[in-house]
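Chemist: Quick one: the structure is below, and I'll ask about it shortly.
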Amino acid sequence: MRTEILKIGNLDVEVRFKPIKNLHLSVHPPLGRVTVSSPEFFDLEKVRVYLITKIAWIKREQEKISNQDREAKKLFITRESHHFLGRRYLLNVISAGRSKIVLKHSTIDLYAVENASTLQKQKTMYNWYKIELAKVILKFLSLYSAKMNLPVPVFHIRKMKTKWGSCTTDIGNVWFNIELAKKPKECIEYIVVHEMVHLIERNHNKMFIILMDKYLPNWRLQKRLLNELPL
């Protein structure tokens, strides 16, 4: 795959040339990054002309993203709001000899050593997020692997700046953004199915849409919910 950066005014667009038939334009949260997937037989000038006709749409999408609610910076203190699987909880910080998380009906109890730093408490929380998110992802991977007649793929969870998930199609590994731990299960399901469909169809083409419709008919609603939640 060949990649070029096309500059139009003050807009930088990443153009990826792939073995596809049509152009696909995307504006990605959280920063409004713009990408185009282009057929390999198009030249860069043809992509430029196409993008010029889409400038107004790109600007509208970037404005929607910039106006989207964003989570306030977390201090990891008692009575602070935190989310887990789409639900809001109040954090309850408790001094203890060792760090751990206990989920209760309306609170997340964060046990931390006395005078633990914000970074230390964040690490405790995200270690717990990773473990709990892995359980949810594995259930969905197992479910849809059976439906798609695929082996359950190896998966990893990490912090990702601009994507909810990604996959390495040649070896069948998938990656998920740890921030998904905060989102409703139906949003996690959408990302799991999206990445698994990529193991069958690499590109965002007509076949990709057909497969998404087949395995997750309401995926558009789940995608919209995910995109409308605070970044």
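The values are calculated or read from the model by the stated rules, or taken from the named source; none is laboratory data. From a predicted model like this one, the values you see are computed outputs, not experimental measurements. Backbone-built Cβ (ideal geometry, glycine too); neighbour counts: all protein chains shown.
Chemist: Here's a check for you: in the range 152-196, which residue that is touching a helix residue (DSSP H, G or I) at 6+ places or on another chain (Cβ under 7 Å) and among the aromatic types (Phe, Trp, Tyr) is modelled with the lowest pLDDT?
Modeler: Trp164
Chemist: Please go through the range 56-70 and give me each residue that is more than 30 Å from Tyr111 (Cα to Cα) and within 25 Å of the chain's Cα centre (by Cα), ordered by number.
Modeler: Across the range 56-70, the qualifying residues are Trp57, Ile58, Lys59, Arg60, Glu61, Gln62, Glu63, Lys64, Ile65, Ser66, Asn67, Gln68.
Chemist: Can you run down the residue pairs with Cβ atoms below 8 Å, 6 or more apart or on separate chains, where the first is in the range 170-190 and more than 18 Å from Ser145 (Cβ to Cβ) and the partner is hydroxyl-bearing (Ser, Thr, Tyr)?
Modeler: Ile178/Tyr126; Ile178/Tyr129; Ala181/Tyr129; Lys182/Tyr129
Chemist: Does Thr107 meet the test of being more than 30 Å from Lys214 (Cβ to Cβ) and outside the structural domain of Tyr190 (by TED's automatic domain parsing)?
Modeler: Yes; evaluated as a whole, the condition is true for this residue.
Chemist: Do we find that Leu85 is touching a residue at least 12 places away in the same chain (Cβ under 8 Å), among the aliphatic types (A, V, I, L, M) and on the phi > 0 side of the Ramachandran plot in this structure?
Modeler: yes
Chemist: Would a scan of the range 157-178 turn up a residue that is in a helix (DSSP H, G or I) and surrounded by 14 or more Cβ atoms within 10 Å (Cβ to Cβ)?
Modeler: Yes; the residues of the range 157-178 include at least one that is in a helix (DSSP H, G or I) and surrounded by 14 or more Cβ atoms within 10 Å (Cβ to Cβ).
Chemist: Is it the case, given these coordinates, that Lys73 is within 21 Å of Lys123 (Cβ to Cβ), under 20 Å from the mean Cα position of the chain (by Cα) and of a type in the set (Lys, Arg)?
Modeler: Here the answer is yes, as Lys73 does meet what is asked.
Chemist: Further question: Looking at Val192, is it in contact with a strand residue (DSSP E or B) (Cβ under 8 Å, 6 or more places away or on another chain), part of a strand (DSSP E or B) and among the β-branched types (Val, Ile, Thr)?
Modeler: No; evaluated as a whole, the condition is false for this residue.
Chemist: Same structure, new question: I'd like to know if the range 64-72 contains one or more residues that are under 18 Å from Ser117 (Cβ atoms) and in contact with a Lys or Arg (Cβ under 9 Å, 6 or more places away or on another chain).
Modeler: Within the range 64-72 (the criterion being under 18 Å from Ser117 (Cβ atoms) and in contact with a Lys or Arg (Cβ under 9 Å, 6 or more places away or on another chain)), the answer is no, since none of the residues qualifies.
Chemist: Given the residues Asn92, Asn10, which is the only one that is of a type outside the set (Gly, Ala, Ser), outside the structural domain of Arg224 (by TED's automatic domain parsing) and either under 24 Å from Thr162 (Cα atoms) or touching a Gly at 6+ places or on another chain (Cβ under 9 Å) (or both)?
Modeler: Asn10
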